[in-house]
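The structure appears right after this line, and notes come after that.
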Amino acid sequence: MSDTEPRHDWSLDEIEALLDLPFNDLLYRAQTLHRRHFDPNRVQVSTLLSIKTGACSEDCGYCSQSAKYNTELEPEKLLPVEQVVEAATAAKQRGATRFCMGAAWRNPTDRNLERVIEMIRAVRDLGMETCVTLGMLSGDQARRLREAGLDYYNHNLDTSPEFYGNVITTRTFQDRLETLAHVREQGISVCSGGILGMGESRRDRASMLRELSNLPRHPQSVPINLLVQVEGTPLHGTEALDPFEFVRTVAVARILMPTSYVRLSAGRGEMSDEMQALCFLAGANSMFYGERLLTTGNPGEDRDRELFRRLGLEFEQAPDSRSAGAGDGGSRSAASA
Ligand code: SAM
Ligand code: DTB
Ligand code: SF4
């Protein structure tokens, strides 16, 4: 099998061996593969909006929005559709091609889903790609989202199955796989990745990547988040991850899922420009743009534009979102390298 054909049978030892490679060998390999499938100087940008904030029943140990921790976050009910359209319009004007709406729910109720569907329709009407992250979904809810024309559903595996219980106890790893299956079965593009720097081992990082790359189809988008340490959460105070270890994990995600967009996600605010540049070299080709993630900060737009200028990077233009889902990882707007 050639190394460009997507594989779904990686072993943990094989993945760990990639993570163990000398740094230069690993980056060379990741960048070589990256160039076969993508324009190396183009980055897809999405803007996030929290459409329902805080007071969440789940106990995810990293999260500012869990009702179980005292994080001094002001909860907010589900936003009116007009407010969402306003934010999406502003994001589009600034250059974002995808608008991602996140809600602090264990799962949406059918009634809440109705309002989210209105939001999806309205954002699509602006000509933007849509993504939502609403927690667990039933098969029927996934079908309703597909009928509304949703492009992407974000639902992260977060970490390895082995480490998972140290971070979350109110829903299982298996629950997450089931939601991803419902989304995939409807033909909605899957956005799924995880968080690094939660105290997990290198083997855990390999195991999380194995779960992602051995899904029946690679997620079209793979967000790699660096833990944003939020005061009041159990993971606040976790020892910081070596930045090179983060870059290595991005490189291995690129190698395992060569046609997927690998998203440099939360945590950029704490990363140096040099570290971000290494992540792009390792194959990251997507990121969140705008001063806010959901509840925490992101680098300002001026800083990102300056970074892109210094690195000669460009924003990817809006693809025809109606063709989302083509190919194993959906590299529909990749240049032929
Ligand atoms: N409530 C829904 C859920 O958990 O599925 C959707 C929103 S939730 C905030 C989306 C993802 O954001 C989480 O799965 C996690 O991977 C990421 N995330 C949340 N808080 C984070 C933090 N402090 N640092 C890094 N990533 C975080
Ligand atoms: C993802 O993987 N990262 C984004 C998005 N999916 C929804 C969320 C990051 C949240 C960071 C913490 C916060 O701002 O609340
Ligand atoms: Fe709730 Fe999602 Fe935060 Fe978990 S990650 S506490 S489900 S908002």
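Please express the shape of region 213-274 as an equivalent ellipsoid: the semi-axes are the square roots of 5 times the eigenvalues of the C-alpha gyration tensor, given largest first in whole angstrom.
Working: eigenvalues 120, 39, 21 Å².
Working through the eigenvalues yields semi-axes of 25, 14, 10 Å.
Per residue, what accessible area does region 13-313 have, given a 1.4 Å probe and all protein chains present, in Å²? List each step's numbers first, then the result.
On the way: 11630 Å² over 301 residues.
Here the per-residue accessible area is 39 Å².
Mean projection of the alpha-carbon convex hull of region 13-313 over all orientations, in nm²?
14.0
May I ask you to derive the relative contact order of the chain, considering only C-alpha pairs under 8 Å and at least 6 residues apart, and to give it as an integer percent?
Details: 660 pairs, mean separation 87.5, N = 337.
Answer for the chain is 26 percent.
Give me the percent of accessible area attributable to carbon and sulfur for the chain, probe 1.4 angstrom. Write down the numbers at each step before the final one.
Values: 6440 of 13710 Å².
The value for the chain is 47 percent carbon and sulfur by accessible area.
Can you give the longest run of the chain that contains no GluC sites (Glu not before Pro) sitting in a DSSP loop with at most 10 other Cβ atoms inside 10 Å?
Longest stretch, sites excluded: 73-238.
Describe numerically, in nm with one decimal, the distance between label points set 7 Å from Cα along Cα→Cβ at T296 and at T169.
Result for the modelled spin labels: 2.3 nm.
May I ask you to list the lysines whose Cα is less than 22 Å away from that of K92, ignoring any residue fewer than eight positions away on the same chain?
Hits, sequence-local ones excluded: K52.
Restricting to Cα pairs below 8 Å that are 6+ residues apart, what does the relative contact order work out to for region 147-237? Please round to a whole percent. Present the calculation step by step, with values, prior to reporting the outcome.
On the way: 111 pairs, mean separation 31.0, N = 91.
Contact order relative to length: 34 percent.
Give the Rg/Rh ratio for region 130-211, taking Rg as the radius of gyration of the Cα atoms and Rh as the Kirkwood radius, to two decimals. It would help to have the intermediate numbers written out before the result.
Numbers: Rg = 13.4 Å, Rh = 13.2 Å.
Computed over Cα atoms, the ratio is 1.01.
The values are calculated or read from the model by the stated rules, or taken from the named source; none is laboratory data. Fair warning: this is a prediction, and the values are worked out from it, not measured in the lab. Positions of Cβ are generated from backbone atoms using ideal geometry, with glycine treated the same way; all protein chains shown enter the neighbour counts. For the accessible areas, the whole protein counts, side chains as well, though only heavy atoms, and no ligand, DNA or RNA atoms are used. Shrake-Rupley method; radii C 1.70, N 1.55, O 1.52, S 1.80 Å.
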